[in-house]
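The values are calculated or read from the model by the stated rules, or taken from the named source; none is laboratory data. Being a predicted model, the structure only gives us computed values, none of them experimental. Glycine gets a Cβ as well: all are built from the backbone with ideal geometry, and neighbour counts include every protein chain shown.
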Amino acid sequence: MYNWRNMTEPQRAEAIEHRRLLHRPLHGPPHFNERGRHRYHLIAANYQHQTIIGQSLDRMTGFSQILFSVLDKGENELHAWCVLPNHWHALIGTDDLKKLLSAIGKLHGRTSFEWNGEEEARGRQCWHRCADRRIRSEAHLHAVRNYIHHNPVKHGYVTNWEDWPWSSASDYLQEVGLKTARIMWEQYPILDMGKGWDENIESPCGGRITG
């Protein structure tokens, strides 16, 4: 459903019917809330990838702080996060995905109301639904963490991970050290992860980790 705008009308009708038969939301990703602690890659984007978060540096900073406070709460274990001008990513462990997604939904609602007021855009849809992808293995976890920290480089905003202030990359590099970070980058490549579901601008993927 993420490629809705690129589908033909018959493809859209088929997708909606498929989701209806599975009793899933018609225009959003399904959420699975299995018992026990699991880790997830969370992704949320501004509607139609409009640059709403990135209207100002203050908004980027303020939203990053609020998002961090929501994610890093209670028993949640936040492994990595990154906020970009029109979407955000997080790698998180939680015992209650449903509760976490509810908190994120409330955050999106509050920010939508605030930002639409600031820009005199009442009625504008600011957010697409938050998607969750369960982490399948330790290798998957490390690759997703690399992907999240590399995302600003992927989209051409900066050259190096630590140049982007709205992510956990700098903390990660300080924690594990440059040598270990480079080893983890080589052992757990991101390959084509994210292709088709977080695209916003075409840009090279040639960033590097530096000291």
What tally of residues in segment 159-184 results from selecting those that are of a type in the set (A, V, I, L, M, F, W, C), farther than 20 Å from R39 by Cα and surrounded by 15 or more Cβ atoms within 10 Å (Cβ to Cβ)?
-> 5
What single numbered condition from (1) buried (at least 19 other Cβ atoms within 10 Å of the Cβ); (2) in a helix (DSSP H, G or I); (3) in contact with a strand residue (DSSP E or B) (Cβ under 9 Å, 6 or more places away or on another chain) fails to hold for L107?
-> (3)
In the set I66, I92, I43, the lone residue that is in contact (Cβ under 8 Å) with a residue 40 or more places away in the chain and more than 14 Å from the chain's Cα centre (by Cα) is I66
From the option list G105, G93, single residue qualifying as in contact with an Asp or Glu (Cβ under 8 Å, 6 or more places away or on another chain), of a type in the set (G, A, S), in the same structural domain as S64 (by TED's automatic domain parsing) and at pLDDT 95 or above is G93
For segment 37-95, enumerate the residues that are in a helix (DSSP H, G or I), in contact with a Pro (Cβ under 6 Å, 6 or more places away or on another chain) and of a type outside the set (G, A, S).
-> I53
Can you pull out the residues in segment 126-163 that are in a loop (DSSP other than H, G, I, E, B) and farther than 14 Å from H87 by Cα?
-> I135, R136, S137, G156, V158, T159
Unique residue being of a type in the set (D, E, K, R) and under 19 Å from L57 (Cα atoms) when the list is E119, E186 = E119
Please work out if K98 is touching a residue at least 40 places away in the same chain (Cβ under 8 Å) and out of contact with any helix residue (DSSP H, G or I) (no Cβ under 7 Å at 6 or more places or on another chain).
-> yes
